[in-house]
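Data block below; observations after.
The values are calculated or read from the model by the stated rules, or taken from the named source; none is laboratory data. Keep in mind it's a predicted model, so treat the numbers as computed, not measured. Note that each Cβ is placed from the backbone with ideal geometry, even for glycine, and that neighbours are counted across all protein chains shown.
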Amino acid sequence: MILRTRILGETGLLPFIGHFRFTTANTDMWVCGSGRVGTTAGVTGAFGVARYLENELAEVAQAHQSQDKNAILYQIWSRVMSTPSEALGPGGGRDLSLVLASGDADGASITGVGLSGVFGRYPSGWRPLAGRGHPLLGQTGVPSQMPGVLILEDDPLELIATPTHQPAKLPPQTDLNIRAGLQS
């Protein structure tokens, strides 16, 4: 089962400036990503930056799906870290928030940057997957070294991350669907 992965949008009229997401899958594994970048480039500029990074990451994910679920995350981070800073908007990617998940028959792994919280939805409800001080959580921007991977013991049904500039808590379910880009 593919772990739908989202990052929360803002409140207000333009909640998804610079947001992107992708999913690739084959019979053996899947990879999902969601993020935001180029947010200071305005609506049109941020759209271009987000589509560029979305396409780059989806291309890497598709090209490396013969690898294991953790190796593919390494390949995606390698692409992020080698992307020219000018391609990531006026801030050169300093505003990047990104959550990635990959999985196969043995389970799922997640990694990210620029996140204040990461939550999994289970049959019993939402619960945090990483506590304060966990390496998965931290500052925005293209990382200077390869981020780690959190191997999940119990696979959630869905994953939602909050970007660093937002509190590490989920809004009520009706607002959550809207801010995650889902139909309410």
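Considering the stretch 53-70, and only residues there that are among the hydrophobic types (A, V, I, L, M, F, W, C) and in contact with a strand residue (DSSP E or B) (Cβ under 7 Å, 6 or more places away or on another chain), the residue that is modelled with the lowest pLDDT turns out to be 61.
Between 71, 87, which is free of Cβ contacts under 8 Å to residues at least 12 places away in the same chain, of a type in the set (A, V, I, L, M) and either farther than 23 Å from residue 117 by Cα or assigned to a helix (DSSP H, G or I) (or both)?
The conditions single out 71.
Among the residues of the stretch 71-88, those identified as surrounded by 15 or more Cβ atoms within 10 Å (Cβ to Cβ) and either at pLDDT below 95 or closer than 15 Å to residue 148 by Cα (or both) are 72, 73, 74, 75, 76, 77, 80. Residue count for the stretch 126-174 under the criterion of being outside any loop (DSSP other than H, G, I, E, B) and within 17 Å of residue 5 (Cα to Cα): the result is 12.
Condition check ((1) hydroxyl-bearing (Ser, Thr, Tyr); (2) in contact (Cβ under 8 Å) with a residue 60 or more places away in the chain; (3) at positive phi; (4) in a strand (DSSP E or B)) across all residues:
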| site | (1), (2), (3), (4) |
| --- | --- |
| 6 | no, yes, no, yes |
| 11 | yes, yes, no, no |
| 14 | no, no, no, no |
| 20 | no, no, no, yes |
| 44 | yes, no, no, no |
| 49 | no, no, no, no |
| 52 | yes, no, no, no |
| 60 | no, no, no, no |
